[in-house]
């Protein structure tokens, strides 16, 4: 009889250890996903800050040549402020809207710059234009990686049995960084010059 109690006690203890071990594995997986999202966001944040620092240089270079285009330059700087504000709040929806305005402002600025041959020939302008274009491409790439990380996290915290651990430890979903369809569609160069 004692042997039966010790065997059943061992089975219960083994089951508890297995369940606890499985719970720890789930928890560690969720923590890893959460930090993956944070890492992906920090990659975007660095690029946005770099672009934020480059824009005043671009606007200042353009001001020297574009005396009659102050409105275009002001829109770029206003969009820059909007991105900075959205970043400060951590609001992905606002950031998506601010990024839309930023891209439109930059497209307009580069389109207007076409009418200023001296500006287009300026080494500083060319360098800044290239740098900002590179940053834009990198932001788009990192946004894709960020959204994939967010999606993996959000799916896992809703799936059973992960949802039990996620709810117990209060894991929260993250917001996707989304842009409007018009932003990710091909740009009509014709529309820029009309």
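Any read-out appearing in this document is the output of simple, stated calculations on the displayed coordinates, not a laboratory observation. Note that the structure is a prediction, hence the values are computed from the model and not measured. Glycine also receives a Cβ, built like all others from the backbone with ideal geometry; neighbour counts cover every protein chain displayed.
Test of understanding: what is the full-extension gain from residue 63 to residue 13, defined as 0.36 nm times their sequence separation minus their Cα-Cα distance?
Taking 0.36 nm per residue and subtracting the Cα distance, the gain is 10.5 nm.
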(message) Compute the orientation-averaged projected area for segment 1-91 from the convex hull of its Cα atoms and round it to one decimal in nm².
(response) 7.8 nm²
(request) Working from Cα positions, state the angle (0 to 90°, nearest 10) between the long axis of helix 2-63 and the longest principal axis of the chain. (result) 10 degrees
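Residue 168 to residue 85: FRET efficiency via 1/(1 + (r/R0)^6), r the Cβ-Cβ distance, R0 41 Å, to the nearest 0.05?
On the way: r = 35 Å, r/R0 = 0.86.
Approximately 0.70, to the nearest 0.05.
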(message) What are the extents of the Cα atoms of segment 17-192 along their three principal axes, in Å, largest first?
(response) 74, 27, 24
(request) Could you work out how far apart the two model spin labels at residue 134 and residue 121 are, taking each label as a point 7 Å from the Cα in the direction of the beta carbon, and quote it in nm? (result) 2.5 nm
(request) Return one number: the angle in degrees, 0 to 90 and rounded to the nearest 10, between the long axis of the Cα atoms of helix 123-156 and the longest principal axis of the Cα atoms of the chain. (result) 20 degrees
